[in-house]
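Engineer: Sharing a structure, written as structure tokens. Questions coming.
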Amino acid sequence: MSILRIEGIGGGYGSVTVLRDITLTLETGENLGLFGPNGHGKTTLLRMTSGLMRPSSGTIQFDGRDITGASPSKIVTSGLVHTQQGNTLFGDMGVAETLEMAAFTKRARAGATARLEKVYALFPRLAERRKQKTRTLSGGERQMLSIGSALMCAPRLLVLDEPTLGLSPRLKEELTEALIEISNSVPLMVVEQDVELLLAVTDRQVLVEHGEIVREITATNTPDHAEIVAMYFGAQA
Amino acid sequence: METLLATFVSGLVLAALYALMASGLSLIWTTIGVFNFAHGALMMVGAFVAWTVSEVGGFGLWPGLIAGVATTTVLGVIIEYLLIRPFYGQRNMVLITVMTTLAAMIILEKSAQIIWGARLKQLPRMIEGDISISGAVISAHEALIVVLAPLILIALWQFTNRTPVGRSLRAVGQNQEAAALLGINVPLTFALAFGLGAALAGLTGVLLGGIRFITPSLGSEPLIKAMIVVIFGGLGSLGATVGAALVIGMAEAFLVLTLGLYWTPFAIFLGLIAVLVLRPNGLFGRS
């Protein structure tokens, strides 16, 4: 049984086509990574998956139900939670307030207290900064809060867009460990430039280029470093 | 000494009224990013509906108050749906909605003229009698406004800071996409903010109708004052709005005493310009 099934998705902004024809399935119990050069449609694909954008063609099924063109709030309610790239969240809200509010849907509100404790255990730094306003957090702390808020939504699939963008190597390591721990209980779909992280966190990776999936990496055909560099810079691998 | 006290008390009454008016405007601005020029007209409608139910219908003031607030709440949601919603996400949304809410103001004022006529009307006071505070006499109705305004504003603060729905209002105001991705229904939140802002306008209108004569233009002068308060305080937080209402209310009361009625608006606008030059984000605003 697949948890997410994306079939023939295409579309973009106005007359600019970003995605051509993307077909992807995420099986239950598997974590998927997406990588590839900037501006080739990864973020657009995630935005369409979470309802922020409407695809012009194709269908998206989550947990067997069609969610193509549904509103973001409906999609979150059904359990697909999207964490945006470089999310600035709510500058004037405190850390604890943001996390409490994040359990907004009826489904998320049940068991919110226990989930809050889990988030604080996962990111002790957030617990230290409970009262602090989000605008005063560092980039790494904000990223933790962003992922923490997503966990408060009681995700059944967590979609992450560049979780380690702009973070120091040490923070990256910290976050990678947290993501591995999260993946034990929630399936992940991660867009990330850092292929090392993808290999550590996800079971299967796909390369998105020019709005299409051009290559798939599984445990049996892992490319070496040179090949990955070649994929990024557009040479034929 | 007695004059000073009397002036202080009348400043308090003005501040309470301005704070109530401005809180509705500010709520809509912080959630949707729309400056609602129909806010004053909604106050006027609230007062007229309350008058009709209370005086013409003979049901009394409290049912009138409820009817007035209910009517403006519904009108607020309708205005949001018809005149704001079609323009969400457009690049010139702020300018477009200046025009559409101005249009709503004109429609409401002219409709009131047709329905209720231009003759002056007045609501009875919520409480009869006068209260004397060591020599300074104000009506019990005005005293009620001074007591009621902080209570309503505290309730509003509690709502936006402590309840999930109230917090979602602030979340939508600060980051619409991030709010949507937590499962918050953004269009519904907009309607809610507009309805709540309009309800506050209606309530203020009913309170005002016990002090001033009700005419179709009842709300236009208060709207300008409320705008000054909101801008003066720095668009945004409720606390800043209340602080600004106190400053403006007191300034107005004491300027009327010293400069006279004629020069007071001039002096207040001058003060507003000075504040905006020195602190572009308002007196209590953050950069």
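Engineer: Report, in order of residue number, the helices in chain B meeting two criteria: a C-alpha extent of 24 Å or more along the helix axis, and a mean Kyte-Doolittle hydropathy of at least -0.5; treat each whole DSSP H run as one helix.
Structural biologist: In chain B, the long hydrophobic H runs are B:2-32, B:61-79, B:93-116, B:140-162, B:186-208, B:238-258.
Engineer: Sticking with this one: Determine the shape class of region B:138-187: with a ≥ b ≥ c the square roots of the Cα gyration tensor eigenvalues, call it rounded for a/c under 1.5, and otherwise prolate if a/b is greater than b/c, oblate otherwise.
Structural biologist: prolate
Engineer: What is the sum of charges, Lys and Arg at +1 and Asp and Glu at -1, for the other residues whose Cβ falls under 13 Å from the Cβ of A:Arg170?
Structural biologist: -1
Engineer: Starting from the Kirkwood Rh over alpha-carbon pairs, what translational D in µm² s⁻¹ does the protein assembly as shown have by Stokes-Einstein at 25 °C and 0.890 mPa s?
Structural biologist: It diffuses with D of about 95 µm²/s by this estimate.
Engineer: Okay, next question. For region B:2-218, what percent of Cα pairs sit more than 22 Å apart?
Structural biologist: Details: 12308 of 23436 pairs.
Counting pairs separated by more than 22 Å, the tail of P(r) holds 53 percent.
Engineer: Apply the a/c threshold of 1.5 to the C-alpha gyration tensor of region B:92-161 and tell me whether it is rounded, prolate or oblate.
Structural biologist: Working: a/c = 3.35, a/b = 1.43, b/c = 2.35.
It is oblate, given that a/c is not under 1.5 and a/b is not larger than b/c.
Engineer: Cross-link partners among lysines for B:Lys121, C-alpha distance below 26 Å, same-chain residues fewer than 8 apart left out?
Structural biologist: B:Lys110, B:Lys225
Engineer: ³J(HN,Hα) across region A:128-141 via Karplus (A = 6.51, B = -1.76, C = 1.60, θ = phi - 60°), whole Hz, x for Gly/Pro?
Structural biologist: 5, 10, 2, 8, 6, 6, 4, 5, 9, 7, 6, x, x, 5
Engineer: Direction-averaged shadow area of the convex hull around the Cα atoms of region A:46-118, nm²?
Structural biologist: Its Cα hull, projected and averaged over all orientations, spans 5.9 nm².
Engineer: Once you charge only the Cβ atoms, +1 for Lys and Arg and -1 for Asp and Glu, what is the size of the charge dipole of region A:2-233 about its Cα centre, to the nearest 20 debye?
Structural biologist: Around 1100 debye, computed over region A:2-233.
Engineer: Starting from the Cα gyration tensor of region B:192-251, take the square roots of the eigenvalues, sort them a ≥ b ≥ c, and report rounded, prolate or oblate (rounded when a/c is under 1.5, otherwise prolate if a/b is larger than b/c, else oblate).
Structural biologist: Oblate shape, in that a/c is at least 1.5 and b/c is the bigger or equal ratio.
Engineer: Among B:Val275, B:Val77, B:Leu218, whose Cα sits farthest toward the positive end of the charge dipole of chain B (+1 at Cβ of Lys/Arg, -1 at Cβ of Asp/Glu, about the Cα centre)?
Structural biologist: Farthest towards the positive end: B:Val77.
Engineer: Note the direction-averaged projected area, equal to a quarter of the hull surface, for the Cα convex hull of region A:2-233, in nm². Please list the in-between numbers first.
Structural biologist: Values: hull surface 49.3 nm².
Taking the Cα atoms of region A:2-233, their convex hull projects to 12.3 nm² on average.
Engineer: I've got another one for you. Count, for each residue of A:87-100, the Cβ atoms from other chains sitting within 10 Å of its Cβ, then give me the mean as a whole number.
Structural biologist: Taking the mean over all residues of the peptide, I get 4.
Engineer: Here is a further query. Enter the Cα centre distance for the pair region B:210-287 and region B:62-97, rounded to the nearest angstrom.
Structural biologist: One Cα centre to the other: 24 Å.
Engineer: Report, ordered by chain and residue number, the lysines lying within cross-link reach of A:Lys172, taken as a straight Cα distance under 30 Å and ignoring same-chain residues fewer than 8 apart.
Structural biologist: A:Lys42, A:Lys118, A:Lys131, A:Lys133
Engineer: Can you give the calculated 222 nm mean residue ellipticity of chain A, where each DSSP H run of n ≥ 4 adds -39,500 (n - 2.57) and the sum is split over every residue, rounded to the nearest 500 deg cm²/dmol?
Structural biologist: Mean residue ellipticity, 222 nm, calculated: -10500 deg cm²/dmol.
Engineer: Where a Cα-Cα gap under 16 Å defines reach, which lysines qualify for A:Lys74, not counting those fewer than 8 residues away within the same chain?
Structural biologist: The reachable lysines, counting only those whose Cα sits under 16 Å from A:Lys74, are A:Lys106.
Engineer: Mind checking the per residue accessible area of region B:2-218 for me, 1.4 Å probe, whole number of Å²?
Structural biologist: 41 Å²
Engineer: While we're on this one: Give me the percent of the accessible area of chain B that comes from carbon and sulfur atoms, probe 1.4 Å, all protein chains in place.
Structural biologist: Heavy-atom surface of chain B belonging to carbon and sulfur, 1.4 Å probe: 72 percent.
Engineer: For region A:22-36 and region A:42-96, write down the distance between their C-alpha centroids in whole Å.
Structural biologist: 16 Å
Engineer: Also, quick follow-up: Hey, can you rank B:139-147, B:122-130 by average C-beta count inside 10 Å, highest first?
Structural biologist: Per-residue mean Cβ counts within 10 Å order the peptides as B:139-147, B:122-130.
Engineer: Run the numbers on region B:166-193: which residues show a drop of 30 Å² or more in accessible area, chain on its own versus all protein chains together, using a 1.4 Å probe over heavy atoms?
Structural biologist: In region B:166-193, residues shielded by partner chains: B:Arg167, B:Arg170, B:Ala171, B:Gln174, B:Asn175, B:Glu177, B:Ala178, B:Ala180, B:Leu181, B:Leu182, B:Gly183, B:Ile184.
Engineer: Looking only at the protein assembly as shown, where both bridge partners belong to it, what percent of the DSSP beta bridges are antiparallel (to the nearest 5)?
Structural biologist: 65 percent
Engineer: In addition: Give the A-B buried accessible area in Å², both sides summed, 1.4 Å probe, nearest 100.
Structural biologist: Adding both sides of the contact gives about 1900 Å².
The values are calculated or read from the model by the stated rules, or taken from the named source; none is laboratory data. What you see is a predicted model; the values in this text were computed from it and never measured. We place every Cβ from the backbone using ideal geometry, glycine too, and count neighbours over all the protein chains shown. These accessible areas exclude ligands, DNA and RNA; they are computed on the full protein's heavy atoms, side chains included. Shrake-Rupley method; radii C 1.70, N 1.55, O 1.52, S 1.80 Å.
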